[in-house]
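Quick notes on the structure that follows.
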């Protein structure tokens, strides 16, 4: 089994080299009540009948106790008196302007951009204090080498859709390193039917810098994400809603990399929206070892000449 996870780490590194992280796989409303599972997240603006900005996101994660031995797991912060789950994920995000029909730079709109990241994370549960602390370290690349142009062009060709024309003006290649922390605390709950919690998060690095605060609401019949692990349920489901207000310091997918300043088109610092409001909502099911979810996201404009935008996503996972 140990050799299997070594091979999986190598697989993640290799596939990432051929392929922001918008998908939050560690949020309490996406909790899988097990120490060992794999899950695939896929976001696309197709689900919201739009074709702009956050075009696609893929997150392939695996959680297992052996990941604690992975070298990058050593720098993750957590309290000693907590139950800790360790995970690793490959993340690939693609961004486009509001129209992909322009061969020249589409001024006053979002630049083309993509990033892939190898993300190591841990989720520390304090069941007595009814809180969860998540820390993660991400390393990867931004820009041309992230493969956004090849991926979107290939998908559109397979679907016999219009060809995206402006990728030659995309954000140029740069290193992407980020560290993030998130703290969630249960405010009120009623049996397994209702749970309301708050969250505070912060990200710092060369990909993005921001802090945020939000509120989560769960309704349904579910295992308490702030309680101890109790095994795979026969059947659970819940609806969730989350609202997050963020203060933005830097966003390399809009402003270009911190070290490579040769991008042909970027959003200037003065044009960046310093405050954003994001709403996430969806429904999730757990049937024994199987996890399924459908989600929607809405985000206020990220730059002054931009527009609000939305996307949808599907998630499927299995504990083992």
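What follows draws every value from the coordinates through simple rules; no lab data is involved. All figures in this text were calculated on a predicted structure; none of them were measured in a lab. Cβ placement follows ideal geometry from the backbone for every residue including glycine, while neighbour counts extend to all protein chains displayed.
If I stretch the segment between residue 320 and residue 260 completely, what's the gain in nm (0.36 nm per residue apart, minus their alpha carbon distance), one decimal?
17.3 nm
In nanometres, what is the gap between the two model label sites at residue 277 and residue 128, each 7 Å from Cα along Cα-to-Cβ?
Label-label distance for residue 277 and residue 128, simple model: 4.0 nm.
For the range 36-54, list residues with backbone N below 17 Å from a point placed 7 Å from the Cα of residue 163 toward its Cβ?
none
Rg(Cα) of the chain divided by 2.2 N^0.38 Å?
The reported ratio for this selection is 0.98.
Say R0 is 25 Å: what FRET efficiency, to the nearest 0.05, do residue 77 and residue 228 get from their beta-carbon distance?
It comes out at approximately 0.70.
Set the Förster radius R0 to 41 Å, insert the Cβ-Cβ distance between residue 102 and residue 294 as r into 1/(1 + (r/R0)^6), and round the FRET efficiency to 0.05. The partial results should precede the final answer.
Details: r = 32 Å, r/R0 = 0.79.
Efficiency, from the Cβ-Cβ distance: 0.80.
Within a 10 angstrom radius of the beta carbon, how do 167, 116, 158 rank from fewest other beta carbons to most?
Ranking 167, 116, 158 by Cβ neighbours within 10 Å, fewest first, gives 158, 167, 116.
Which ordering of 239, 259, 70, 121 is given by a fewest-first count of other beta-carbon atoms within 10 Å?
259, 239, 70, 121
Over what distance in Å are the Cα centres of the range 123-196 and the range 21-41 separated?
11 Å
Given the Cα-Cα distance of residue 237 and residue 69 and 0.36 nm per residue of separation, how much length would full extension add, in nm?
Between residue 237 and residue 69, full extension yields 57.2 nm more.
Rank these for me by crowding, 132, 52, 296, going from fewest to most other beta carbons within 10 Å.
Numbers: 132 26, 52 20, 296 16.
The order, fewest Cβ neighbours first, is 296, 52, 132.
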